[in-house]
Amino acid sequence: MVTVADLLEARADDDAVALRFEDRSWTWRQFVADCRRAASVASSLRRPGPFHLGVLLDNTPDFLQWIGGAALAGAAVVGINATRRGGELAADIRHTDCQVLITDRPHLELLAGLDLDLPLVLVDDPAYDERLAAADPSFSRVGGDHVLLLLFTSGSTGAPKAVVCSSSRLATSGVTAAERFGLRTDDVLYEAMPLFHGNALMANWAPALALGATVALRRRFSASGFLPDVRRFGATYANYVGRALAYILATPESPDDADNPLRLAFGTEAPAGDRERFARRFGCVVVESYGSSEGVISILARAEMPAGALGLPPEGTDVVVADPATGHECPPARFDDGGRLLNAAEAVGEIVRRDPGGSFEGYYRNPEADAERRREGWYWSGDLGYRDAEGWFYFAGRGADRLRVDSENLAAAPIERVLQRLPGVVVAAVYPVPDIRTGDQVMAALELVPGTAFGPEAFAAGLAAAPDLGTKEAPRFVRVVTGMPLTGSNKVDKGPLRAAAWRTDDPVWWRPERGGPYRRLTPEDADELAAELQRNGRAVLAP
């Protein structure tokens with residue numbers, strides 16, 4: 001069993017470049033010494049109780065040094081999501097029993113007025129530099145494997161949960177990822193995804209640590225800064241989550257975009273069309289897989305898989321799509337000649353792992369969420385999917401992404417894939433809103449390329465021309481947003497969209513009749529919809 005501390009000690013005398021950030025760089029020798037100093041400081045701060053260190057920082061070297069320090073000191077780093085605010089932010093910190101909060105002055109305004117009662121370590125305070133410089137650069141690590149990280153889930157389907165990640169799991173994920181992607185010691189791994197999220201650590205920093213490769217760190221993700229950074233740092237690999245590729249693709253194109261050193265991009269939840277366009281535009285390979293911070297289920301892409309598929313689970317793992325009500329495996333998906341899913345009601349279910357090989361380490365102090373994941377001896381992902389007759393998996397959305405329209409079950413992800421192909425669409429999100437009589441109607445939020453106007457006739461024509469879109473899947477309501485609400489890990493946050501439904505200051509277009517023309521929804525229309533819900537005993541569902 002290898003741990004992060006083992007990997008760090010293997011790099012202690014390595015003079016290759018470990019980290020590049022803005023105009024500075026660190027060798028692995030220097031980085032490990034800084035981790036040892038952080039471990040020494042952490043040990044001096046320890047109090048009775050869980051040895052948990054909250055880190056509220058942008059992507060900076062300090063963040064990684066404190067993770068390394070925690071690995072050596074036997075502590076756990078709690079990655080605090082800097083997009084959380086007020087009571088929610090305070091609840092995250094209190095729930096995870098942080099003994100100290102490592103942050104900086106720019107983040108202090110987020111903490112103003114919060115009743116936290118814990119010491120702060122400001123990494124941009126001159127006193128901190130003095131304390132770190134005086135700390136022991138030869139700190140001897142404490143113990144072996146332990147809980148190293150508490151990583152909050154993205155919160156795209158409910159309240160975020162703190163996923164437990166041991167030092168050995170992070171280290172093993174790094175070794176595995178380096179082998180799977182064919183990474184080399186001379187690779188430069190570009191990291192702009194937030195370090196408080198598992199993707200950044202498991203798909204970037206951990207493989208770099210395992211290999212002794214270089215991480216090029218950006219403080220915060222920037223779509224316009226992506227290509228200049230790749231060229232500046234000589235990045236050969238980049239990881240992504242959620243809609244990052246869509247935002248990069250929305251930047252103005254240049255004929256020389258493919259003139260860059262990028263060889264491979266890896267991530268999750270990018271539509272197939274975005275992956276193809278990104279690979280073509282930037283001259284690289286894009287590899288997508290399904291996985292989560294919990295680390296139990298993975299589904300890997302294969303070159304021979306059908307368009308739109310996720311791939312297959314690793315050989316020897318028993319992963320299926322099951323009906324959450326009965327536990328029975330769902331029948332295979334059937335498609336028409338245009339690729340439209342014909343039997344969503346029976347084929348769409350929850351992605352489940354049934355063999356005991358999964359290493360779910362649980363959620364911190366959340367037995368209800370643990371029990372929801374562990375049912376009948378199986379691991380239930382909470383994500384929707386379906387499989388075709390050959391066994392290929394397809395993603396159908398999160399647990400809240402199931403819609404029931406005219407007594408027919410639909411899934412959001414296949415509809416989003418159609419909308420994402422339409423000209424001018426940067427990001428599409430599909431979610432249920434209440435039908436005035438029963439069940440749901442389909443609503444879509446669209447973020448368009450800047451300067452692009454929504455054309456209702458062209459949009460309707462695009463839907464009609466899509467061979468893989470059913471008549472009940474066409475959105476009844478379309479909201480045009482200037483900026484899609486996102487979680488801290490670049491995933492679309494549908495909660496605010498569902499809650500507002502058509503009651504929003506953004507322009508909303510709707511089809512009063514299925515298949516009819518789209519027109520602007522007026523305040524009078526919204527009032528009439530509310531009245532209809534009231535008349536049909538559904539007022540409680542009104543937005």
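Can you tell me how many residues in segment 345-373 are closer than 20 Å to Gly391 by Cα and assigned to a strand (DSSP E or B)?
5
Would you check if there is a residue in segment 78-96 being under 30 Å from Arg184 (Cα atoms) and at pLDDT 95 or above?
Scanning segment 78-96 turns up at least one residue that is under 30 Å from Arg184 (Cα atoms) and at pLDDT 95 or above.
Anything in segment 418-477 that is in contact with a helix residue (DSSP H, G or I) (Cβ under 6 Å, 6 or more places away or on another chain), over 28 Å from Ala244 (Cβ atoms) and not hydrophobic (A, V, I, L, M, F, W, C)? List them, or say none.
Answer for segment 418-477, where residues must be in contact with a helix residue (DSSP H, G or I) (Cβ under 6 Å, 6 or more places away or on another chain), over 28 Å from Ala244 (Cβ atoms) and not hydrophobic (A, V, I, L, M, F, W, C): just Pro434.
Name, by its number, the condition in (1) under 25 Å from the mean Cα position of the chain (by Cα); (2) at pLDDT 95 or above that does not hold for Pro331.
(1)
Please go through segment 72-94 and give me each residue that is surrounded by fewer than 18 Cβ atoms within 10 Å (Cβ to Cβ), touching a residue at least 12 places away in the same chain (Cβ under 8 Å) and not small (Gly, Ala, Ser), ordered by number.
Thr83, Arg85, Arg94
Restricting the search to segment 504-526, which residues are surrounded by 11 or more Cβ atoms within 10 Å (Cβ to Cβ), part of a helix (DSSP H, G or I) and over 35 Å from the mean Cα position of the chain (by Cα)?
Once the filter is applied, which keeps residues that are surrounded by 11 or more Cβ atoms within 10 Å (Cβ to Cβ), part of a helix (DSSP H, G or I) and over 35 Å from the mean Cα position of the chain (by Cα), segment 504-526 yields only Asp525.
Going by what's in this entry, would Gly316 be described as surrounded by fewer than 21 Cβ atoms within 10 Å (Cβ to Cβ), farther than 30 Å from Asp92 by Cα and among the small types (Gly, Ala, Ser)?
When the stated conditions are applied, Gly316 passes them.
Only helices (runs of 4 or more DSSP H) wholly contained in segment 162-236 count here; list those with 3 or more residues that are out of contact with any strand residue (DSSP E or B) (no Cβ under 6 Å at 6 or more places or on another chain), small (Gly, Ala, Ser) and outside the structural domain of His107 (by TED's automatic domain parsing).
167-180
So which strands (runs of 3 or more DSSP E) are wholly in segment 387-468 and hold at least 3 residues that are within 20 Å of Gly273 (Cα to Cα)? Walk me through how you get there before you give the answer.
Details: elements: 393-398, 402-405, 408-411, 425-434, 440-448.
Answer list for segment 387-468: 393-398, 425-434, 440-448.
Out of Thr326, Thr251, Thr317, I need the residue that is within 23 Å of the chain's Cα centre (by Cα) and of a type in the set (Val, Ile, Thr). Which one?
On the way: Thr326 fails: within 23 Å of the chain's Cα centre (by Cα); Thr317 fails: within 23 Å of the chain's Cα centre (by Cα).
Result: Thr251 is the single residue among Thr326, Thr251, Thr317 that is within 23 Å of the chain's Cα centre (by Cα) and of a type in the set (Val, Ile, Thr).
Among (1) in contact with a helix residue (DSSP H, G or I) (Cβ under 6 Å, 6 or more places away or on another chain); (2) over 18 Å from Asp124 (Cβ atoms), which single condition is Asp34 missing?
Here Asp34 clears every test but (2).
Return yes or no: is Glu372 outside the structural domain of Gly470 (by TED's automatic domain parsing), closer than 22 Å to Arg169 by Cβ, at pLDDT below 95 and touching a strand residue (DSSP E or B) at 6+ places or on another chain (Cβ under 8 Å)?
In short, yes.
Can you report the number of residues in segment 1-57 which are under 31 Å from the mean Cα position of the chain (by Cα), aliphatic (A, V, I, L, M) and surrounded by fewer than 20 Cβ atoms within 10 Å (Cβ to Cβ)?
Selection size over segment 1-57: 5.
Look at segment 27-37 and say how many of its residues are touching a strand residue (DSSP E or B) at 6+ places or on another chain (Cβ under 9 Å) and either part of a helix (DSSP H, G or I) or in contact (Cβ under 8 Å) with a residue 40 or more places away in the chain (or both).
Here the count works out to 6.
Where the second residue is β-branched (Val, Ile, Thr) and not in a loop (DSSP other than H, G, I, E, B) and the first is at positive phi and lies in segment 306-324, which pairs have Cβ atoms under 8 Å and are six or more apart or on separate chains?
Gly311/Ile299
The values are calculated or read from the model by the stated rules, or taken from the named source; none is laboratory data. Predicted, not measured: the structure shown is a model, and the values here were computed from it. Every residue, glycine as well, gets a Cβ built from its backbone with ideal geometry; the counts of neighbours run over all protein chains shown.
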